[in-house]
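S.K.: Encoded as structure tokens, here's the structure I'll be asking about.
The values are calculated or read from the model by the stated rules, or taken from the named source; none is laboratory data. If you're wondering where the values come from, they're calculated on a predicted model, not measured in any experiment. Virtual Cβ from ideal backbone geometry, glycine too; neighbours counted across all protein chains shown.
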Amino acid sequence: MKTIIVTGASAGIGRAVAERFLDDGWQVGLIARRAELLGEMAEGRGNAVILPCDVAEADQVERAFAEFAAKAARLDVLFNNAGIFTPAAPIDEVPVEDWMRAVSVNLTGMFLCARAAFGQMRRQVPQGGRIINNGSISAHAPREGAVTYTTTKHGITGLTRQLALDGRPFDIACGQIDIGNAMTDLLAGIADRARAEGKPVPPHIDVALVADAVAQMAALPLSANTLFQTLMATQMPFVGRG
């Protein structure tokens, strides 16, 4: 049985991806802070491993990955997904606490999970595995007032490139998926506010398409790698000139 850990698995993109891999028969490690939601997902699924964990806490990350390795014997894929979006504001109105929180989850958390996965993949026999980082369109082009999210997601692009390079001697592939407007609870809230204000709803895609794309990346042999993939709503104003 192939194995994967999904971080941020209790909601949004992480939940959609975790459920896709559970349905496909993978052994899936479910990482999130809300253990009760993970329990709901795992109910009746013998291939689900509940791993309550705050990805910003190094000791919790190490413990969760060690527990999964003890149960599954190896780790084939990490979907490094957990992240937060702090309230939008110009930089001088952003509380320092929001900056620290975004860095601790979006950047440090993804570093810690990649570190734990890399170590497991390097030690296991046969050696190797795949890390898929969830970047964002914001890793390339910002939204207004999103300095914490944009900055941390640019950092993930550097993490992806470095892991892709450093993983070569150990047969560890690393790639990144940059998603533009998947319809999750977060985007649903933005859409509801737009409707209430008489504004157009942002162009969006079904979150199931993201799960499909991650599954395709995960299914590649380790001799091949999708280094970067951008999956977005066609009508998003991502490319063009003002």
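S.K.: Of everything in segment 1-31, what is crowded, with 16+ Cβ neighbours inside 10 Å, on the phi > 0 side of the Ramachandran plot and modelled with pLDDT of 95 or more? Give them in sequence order.
M.R.: Gly8
S.K.: OK, next. Keeping to segment 201-227, report how many residues are among the β-branched types (Val, Ile, Thr), modelled with pLDDT of 95 or more and in a loop (DSSP other than H, G, I, E, B).
M.R.: Result for segment 201-227: 1.
S.K.: Something else now. Given (1) of a type outside the set (A, V, I, L, M); (2) surrounded by fewer than 21 Cβ atoms within 10 Å (Cβ to Cβ); (3) farther than 24 Å from Gln235 by Cα, where does Gly167 come up short, assuming only one miss?
M.R.: For Gly167, the exception is condition (2).
S.K.: Can you tell me which residues in segment 177-192 are touching a residue at least 24 places away in the same chain (Cβ under 8 Å) and either among the acidic types (Asp, Glu) or not in a strand (DSSP E or B) (or both)?
M.R.: Across segment 177-192, the qualifying residues are Asp178, Asn181, Met183, Thr184, Asp185, Leu186.
S.K.: Could you grab the pairs with beta carbons closer than 7 Å, sequence gap of 6+ or different chains, first residue in segment 48-59 and under 15 Å from Leu112 (Cβ atoms), second one part of a strand (DSSP E or B) and polar (S, T, N, Q)?
M.R.: Cβ pairs passing all conditions: Val55/Thr7.
Every residue, every condition in (1) part of a helix (DSSP H, G or I); (2) polar (S, T, N, Q), yes or no:
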| residue | (1), (2) |
| --- | --- |
| Pro87 | no, no |
| Asp92 | yes, no |
| Trp99 | yes, no |
| Ala116 | yes, no |
| Gln120 | yes, yes |
| Pro142 | no, no |
| Gly175 | no, no |
